[in-house]
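For reference, the structure discussed in these notes is given below.
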Amino acid sequence: MTTWCEFNESGDLPTGIHRADLNDVIDHFGRGSLQRCIVAERLRRIHSLVLNTGQVRRFIIFGSFVTNKPDPQDIDIFLIMKDTFDVRHLGGESLVLFNHMSAQKCSRGTLAGEA
């Protein structure tokens, strides 16, 4: 279980790298409002799709979801992939995540299968 730092006066985590597994992130940041729960489920789905590529080195979450903002609208993610990663080997929903415009829609809840 991750021990989280207190938010600063701006509602952000202190500057730095805060390592945690996905369940700890969702347990801490994915509650408090309906919007946070919705965004947390999107995060879980995106994380699953990305991990299924077998090519992830780092999955970095930043932006409003990891603040005390009550209603974050999207997920900001930075991916570091293995040197062997080739987007041409992807298909379906995983491929959508590696197209910037499609990924923007995905983080806002319009990934295939969502309302």
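The values are calculated or read from the model by the stated rules, or taken from the named source; none is laboratory data. For clarity, every value in this text was computed on a predicted model and none was experimentally measured. Glycine gets a Cβ as well: all are built from the backbone with ideal geometry, and neighbour counts include every protein chain shown. These area figures cover heavy atoms from the full protein model, side chains too; ligands, DNA and RNA do not enter into them. Shrake-Rupley method; radii C 1.70, N 1.55, O 1.52, S 1.80 Å.
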- Message: I'd like to verify something in the chain: which complete DSSP H helices, judged by Cα projection on the helix axis, reach 24 Å or more and average at least 1.6 on the Kyte-Doolittle scale?
- Response: none
- Theoretical ellipticity at 222 nm over the chain - DSSP helices of four or more residues, -39500 (n - 2.57) apiece, nearest 500: -10000 deg cm²/dmol
- Task: Stick to the Cα atoms of the chain, pair each with every other, and give me the Kirkwood hydrodynamic radius in Å at one decimal.
- Result: 15.0
- Task: Roll a 1.4 Å probe over the protein heavy atoms and report the accessible area of residue 97 in Å², nearest 10.
- Result: 30
- Item | Label-point separation in nm, residue 17 to residue 31, each point 7 Å along Cα→Cβ | 2.8
- Task: Can you tell me how much longer the chain between residue 76 and residue 52 gets when fully stretched, taken as 0.36 nm per residue apart minus their C-alpha distance, in nm with one decimal?
- Result: 6.7 nm
- Note on the structure: Carbon/sulfur accessible area of the chain, % of total, 1.4 Å probe, equals 52
- Roll a 1.4 Å probe over the protein chains and send me the accessible area per residue for the range 1-92 in Å². 65
- Query: In nm, to one decimal, how far is the modelled label at residue 67 from the one at residue 84, with both set 7 Å along Cα→Cβ?
  - Reply: 3.9
- Query: What span do the alpha-carbon atoms of the range 1-63 cover on each of the three principal axes, reported in whole Å from largest to smallest?
  - Reply: 38, 28, 22
- Task: Starting from the range 1-49, pick out the GluC sites (Glu not before Pro) whose DSSP state is loop and whose Cβ has at most 14 other Cβ atoms within 10 Å.
- Result: 6, 9
